[in-house]
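Participant: Structure provided below as structure tokens; questions to follow.
The values are calculated or read from the model by the stated rules, or taken from the named source; none is laboratory data. On a predicted model such as this, the values are computed, not experimentally measured, just so you know. Don't worry about glycine lacking a Cβ; one is built from the backbone with ideal geometry, like all the others, and counts go over all protein chains shown. In case anyone asks, the SASA skips ligands and DNA or RNA and just uses the protein heavy atoms, side chains included. Shrake-Rupley method; radii C 1.70, N 1.55, O 1.52, S 1.80 Å.
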Amino acid sequence: LVSGTTIGAGMIALPITSGVSGFSPSILVLALCWLYLSITGFLFLEATLWLEKDVNIVTLARDTLGVFGKVISWFVYFFLLYALTTAYLAGLSSTFLSSVAQASGTQLPNWVGPLPFICLFGICIYLGTRAVDYINRALMIGLLITFVVIVAFLVLLYLLFLKI
């Protein structure tokens with residue numbers, strides 16, 4: 001999950017959107033974000049190692065902040081997942097609608113765009129955690145293979161142009 005989202009849209013979108021302010025301010029803000037995320041990651045690791053085995057965010061909040069922290073943690077975690085699902089469905093549906101319009105010349109209504117992906121995500125949820133884990137592994141292997149092929153292709157292009 002972490003490697004998939006790290007390589008995903010955020011890594012592409014952050015430099016592009018922050019590049020409007022200039023190179024130096026963008027580098028400074030991205031470095032500060034990295035520092036903040038590293039510190040909070042280490043604090044999360046320390047709290048996780050301090051507690052018993054098999055801890056997740058909700059049990060961590062319950063054991064350190066009590067019932068109120070557990071409720072807040074559930075709400076924030078639910079909101080995060082809802083926002084991620086909404087963002088992915090919005091992005092995928094616009095891509096799907098424009099692809100259908102280009103391929104067939106038919107303009108579908110906007111409400112049709114997210115339907116194929118809702119069905120696909122629903123099937124993944126229905127199959128359960130183990131099936132989703134295997135699907136995620138296959139997609140990550142595909143991501144790794146694609147990355148290696150692109151790097152090899154770029155090295156080959158570089159070597160071809162270097163010889164000229």
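Participant: Below 8 Å between Cα atoms, with a sequence gap of 6+, how large is the relative contact order for the stretch 15-107 in percent?
Facilitator: With pairs under 8 Å counted, the relative contact order is 11 percent.
Participant: Name the residue from Leu30, Ile150, Leu162 whose Cα lies farthest towards the positive end of the charge dipole of the chain, charges +1 on Cβ of Lys and Arg and -1 on Cβ of Asp and Glu.
Facilitator: Of the listed residues, the answer is Leu162.
Participant: Would you give the gap between the C-alpha center of the stretch 15-40 and the C-alpha center of the stretch 51-122, rounded to a whole Å?
Facilitator: Spelled out, the Cα-based centre of one part sits 25 Å from the other.
Participant: Could you work out how far apart the two model spin labels at Val67 and Leu84 are, taking each label as a point 7 Å from the Cα in the direction of the beta carbon, and quote it in nm?
Facilitator: In this crude spin-label approximation the distance works out to 2.9 nm.
Participant: Something else: Under a point spin-label approximation (7 Å from Cα along Cα-to-Cβ), what is the Tyr77-Arg130 distance to one decimal in nm?
Facilitator: 2.3 nm
Participant: In debye, nearest 20: dipole of the chain around its Cα centre with unit charges on the Cβ of K, R (+) and D, E (-)?
Facilitator: Dipole of the chain, to the nearest 20 debye: 260 debye.
Participant: Another question, if that's okay. Using a Förster radius of 41 Å, what is the FRET efficiency between Val100 and Ser24 based on their Cβ-Cβ separation? Nearest 0.05, please.
Facilitator: So the FRET efficiency works out to roughly 0.45.
Participant: I'd like to know which of Phe79, Ser104, Gly128 lies farthest towards the positive end of the charge dipole of the stretch 42-135, counting +1 on Cβ of Lys and Arg and -1 on Cβ of Asp and Glu.
Facilitator: Ser104
Participant: With every protein chain left in place, what is the accessible area of Ser24 in Å² (1.4 Å probe, nearest 10)?
Facilitator: 90 Å²
Participant: Any idea how far apart Tyr158 and Val58 come out in nm if each label point goes 7 Å out from Cα toward Cβ?
Facilitator: Between Tyr158 and Val58, the label points sit 4.7 nm apart.
Participant: Tabulate in residue order the Karplus-calculated ³J(HN,Hα) for the stretch 79-95, using 6.51 cos²θ - 1.76 cosθ + 1.60 with θ = phi - 60°, rounded to whole Hz; enter x for Gly and Pro.
Facilitator: Result, rounded to whole Hz: 5, 4, 5, 5, 5, 5, 5, 5, 5, 5, 5, 5, x, 5, 5, 5, 5.
Participant: Rounded, prolate or oblate, given the Cα gyration tensor of the stretch 114-164, with a/c below 1.5 counting as rounded?
Facilitator: It is oblate, given that a/c is not under 1.5 and a/b is not larger than b/c.
Participant: While we're on this one: How are the C-alpha pair distances of the stretch 43-153 spread across 10 Å bins, as whole percents from the shortest bin up?
Facilitator: The distribution over the stretch 43-153 is 12, 22, 30, 24, 9, 2, given as percents.
Participant: Further, regarding this structure: Please report, to one decimal in angstroms, the Kirkwood hydrodynamic radius of the stretch 75-132 built from all distinct Cα-Cα pairs.
Facilitator: Value: 12.7 Å, from the Cα pair sum.
Participant: Using θ = phi - 60° and the Karplus relation 6.51 cos²θ - 1.76 cosθ + 1.60, list the HN-Hα couplings for the stretch 22-28 in order, rounded to whole Hz, with x at every Gly or Pro.
Facilitator: 3J(HN,Hα) across the stretch 22-28, in whole Hz: x, 5, 5, x, 5, 4, 4.
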